[in-house]
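Asks: Sharing a structure below in structure tokens format, with a few things to ask.
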Amino acid sequence: WNFAININKKTSAKTRARYEMAKANGVPDITAGVALRHFPDADPDDIAALVELSVPLAVIDRNQGRILEARYKLAKVRAMKQSEDASLRADLAAAHARLASSVFAVRTLRDEALPSARSAFQAAKDAFENGKTDYLNVLDAERTLVDVERQLIDARASRQASAARLEGLLATPLEVIRK
């Protein structure tokens, strides 16, 4: 099975944005400016042009602590998503196996065990009516028939529960033989 699983995309996007912001804050901001200055105490025609260039030296704080923290948080979100993906895949595989097993049990009980138990009960009843056996054999065959019918009911219930679990995981209705 190949399922696209979307687990908490907002958290992942926020974590990625925090990481990008921390990286951006680690780069120093360069500023530049130009100005004209008039000196009133000197000659009235004295004007000076000023050019300013500011390059902060990121020697002490390059924001590496926050960058590393954001990187670890991003890795944690990715690991959690992978873990949840694996968990969901395992749940799907287990639910599919339970459904397949219960479908097989229903078919086997319905098509093989139940007809055999009915046949054995009818044979024991006919033998008792003809005087060839005692009534304990009839009761034993009837108890076996009732046990097989109960097992069939339990297997059908298990099949329905397994199908419902798988439908819930897939969020899609399944077509299961409902006989």
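The values are calculated or read from the model by the stated rules, or taken from the named source; none is laboratory data. Just so it is clear, the model here is predicted, and its values are computed rather than measured. Quick reminder, even Gly has a Cβ in these numbers, built from the backbone with ideal geometry, and neighbours come from all protein chains shown. Note: areas computed on protein heavy atoms with side chains; ligands, DNA, RNA excluded. Shrake-Rupley method; radii C 1.70, N 1.55, O 1.52, S 1.80 Å.
Asks: Kindly check whether there is at least one residue in the stretch 76-98 that is of a type in the set (Val, Ile, Thr) and modelled with pLDDT under 90.
Replies: Yes, that holds for at least one residue.
Asks: When you go through Arg156, Arg150 one by one, which is the residue that is touching a residue at least 24 places away in the same chain (Cβ under 8 Å) and in a helix (DSSP H, G or I)?
Replies: It is Arg156.
Asks: Go through Leu174, Leu152, Leu170 for me and flag whichever is surrounded by 16 or more Cβ atoms within 10 Å (Cβ to Cβ) and hydrophobic (A, V, I, L, M, F, W, C).
Replies: Answer to the selection: Leu152.
Asks: While we're looking at this one, here's another question. Which of the residues belonging to the stretch 1-55 are open to solvent by 100 Å² or more (accessible area, probe 1.4 Å), modelled with pLDDT under 65 and touching a Leu at 6+ places or on another chain (Cβ under 7 Å)?
Replies: The answer is Trp1, and nothing else.
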